[in-house]
Amino acid sequence: MKHYEQRFPGGIHPTDGSDKALTKAVPIQTFVPDVIELSMSQSGGSICEPLVAVGDHVERGQLVGQPKNFTAVRLHASVSGTVKDIRVEKKGTIEVPLLVIEPDQEQPAEPKMEYQREWMDIRKYSRNQLISLMEEGGLTGMGGAGFPAHVKYKTDKPIEYILINACECESYLTCDHRMMMEHGMAILNGVNLLVKAGGAKKAYICTEDNKQSCADYLTRLIGEQEVPIEVKVFPVKYPEGGERQLIQAATGKELIAGGLPADAGIIVSNVQTAKAMADMVFGGVPCITRCITVTGLVRKPGNFLVPLGTPLRELLKRCGGLSELDNKVILGGPMTGTCIGVQIKCDQIPQSVTKVSGGLIVLKNDGYEESPCIRCGSCMKVCPAGLTPWKIDFAIRQGNVDLCHQLYATECIGCGCCSYVCPAKREVSQNTVKARNDVRVMLRERGKK
């Protein structure tokens, strides 16, 4: 294990660590809710077609959703139970089916298996077999974007490194921290599989020095084993876990505008993706659970390893409910997450856990109003992509998408650093992300012409 200095520009230090202290020492809890609400859209614009009907009994791990588009992966029942309803919900302009499953009283036991305790021999698995298992098991990136893992690992580019993102640089979130401390051996076995699936030479597990205990523990587990895995520790700095920033910090390589990690001989995967890989290959269990942090203004903050489709309202109830009525509820991290409710009660919380749900955070609803930009340049200093966010903000407010393109808005990673430091409280990040998306639409339309 080695400590490294940062090599990416910009970034911020949004907290003093007291936010993560709420949950990082609390052991992971597990439970099965009284109802599962399994969305056929597990990330971004992904959509699956239901393969079951109302009244059907499903078994845990059974295939229940078939991908309808490129960004979707197979979806499996996260519990054994009966399909009570198939609702249709709106996700933007898209209609998304949602399976309502009533779990059986008796659920399959979770046996302790070898891969959770000791190193596994992976010589019998070929790269193609592992990539096929990714596709069959519905493995997706579990760090936020939710891109299909089998597509990422099927690249024909020569891969040198697999970077395991264990930075968890967003404030408040500690689910990856707890997974490393409680499921370290399974994660390492999963990392070993990912190295082979990518045809890579080595994997670096990249974390920050506020998780030194995790780094020490994983390093002890690696010990003298002849495995192509090393732990790297970086100073705390947001957004260390951004894909491009992590690549630059860990390898010194900078991706060109529009470039993919594979172009630089790198694949980046989240630490929970590695755990899910081990579960699939060695445990025969597809991607049907994830660990999520529930914290902030709740009575008992904690981390929960739960079935996909667990209603968010049930997680809040498990935490003793909300401790602040004038609240805002965020799904994801406070910097990049989505506000799903303001001044809301537990029973009113929408949505359920998906493969990319890393956090459910309740904060004080501190309202503020924008004021004119004072051209201070603070947003430029902290932008890890090296952009001029205030110029992009002005351009998109004026509807000038061509200018946004000239300002490289497509390189925005949506980290929120610009909005965080803006003294005028302008929605710089939100507008820059809009500019990025509008430019991409414009380029696609021009390409069709």
Trypsin sites (Lys or Arg not before Pro) in region 318-365 lying in a DSSP loop, each with at most 16 other Cβ atoms within 10 Å of its Cβ, come to LYS345
Karplus-derived 3J(HN,Hα) from phi for region 94-108 (6.51 cos²θ - 1.76 cosθ + 1.60, θ = phi - 60°), whole Hz, x at Gly and Pro, runs 9, 8, 10, x, 9, 8, 9, 10, 9, x, 5, 5, 9, 9, x
Any residue on another chain or 5+ positions along whose placed amide H is under 5 Å from the amide H of LYS91 is listed here as VAL96
So for the chain, using the alpha carbon gyration tensor with a ≥ b ≥ c as root eigenvalues (a/c under 1.5 gives rounded; past that, a/b versus b/c decides prolate or oblate), I'd call it rounded
To the nearest 0.05, the calculated FRET efficiency linking ARG87 and VAL342 through their beta-carbon distance, R0 being 25 Å, is 0.55
Between ILE94 and ASP326, the two model label points (7 Å from Cα along the beta-carbon direction) sit apart by a distance in nm of 3.8
Counting only DSSP loop positions in region 293-393, the chymotrypsin sites (Phe, Trp or Tyr not before Pro) whose Cβ has at most 11 other Cβ atoms within 10 Å are TYR368
Once the in-chain neighbours fewer than 8 apart are removed, the lysines whose Cα is under 25 Å from LYS154 read LYS68, LYS124, LYS196, LYS201, LYS202, LYS253, LYS275, LYS355
GluC sites (Glu not before Pro) in region 80-167 lying in a DSSP loop, each with at most 12 other Cβ atoms within 10 Å of its Cβ, come to GLU106, GLU118
Everything considered on the Cα gyration tensor (a ≥ b ≥ c; rounded for a/c under 1.5, else prolate if a/b is larger than b/c, else oblate), region 33-106 must be described as prolate
Restricted to the chain, the DSSP antiparallel beta bridge percent, nearest 5, is 60
Under the rule rounded for a/c under 1.5, else prolate if a/b exceeds b/c, else oblate, using alpha carbon gyration tensor axes a ≥ b ≥ c, region 378-448 is classed as prolate
Once the in-chain neighbours fewer than 8 apart are removed, the aspartates and glutamates whose Cα is under 15 Å from LYS425 read ASP366, GLU369, GLU370, ASP393
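Quick note: the coordinates plus some simple rules give every number you see, no bench work behind them. What you see is a predicted model; the values in this text were computed from it and never measured. Positions of Cβ are backbone-derived with ideal geometry, glycine not excepted, and every protein chain shown enters the neighbour counts.
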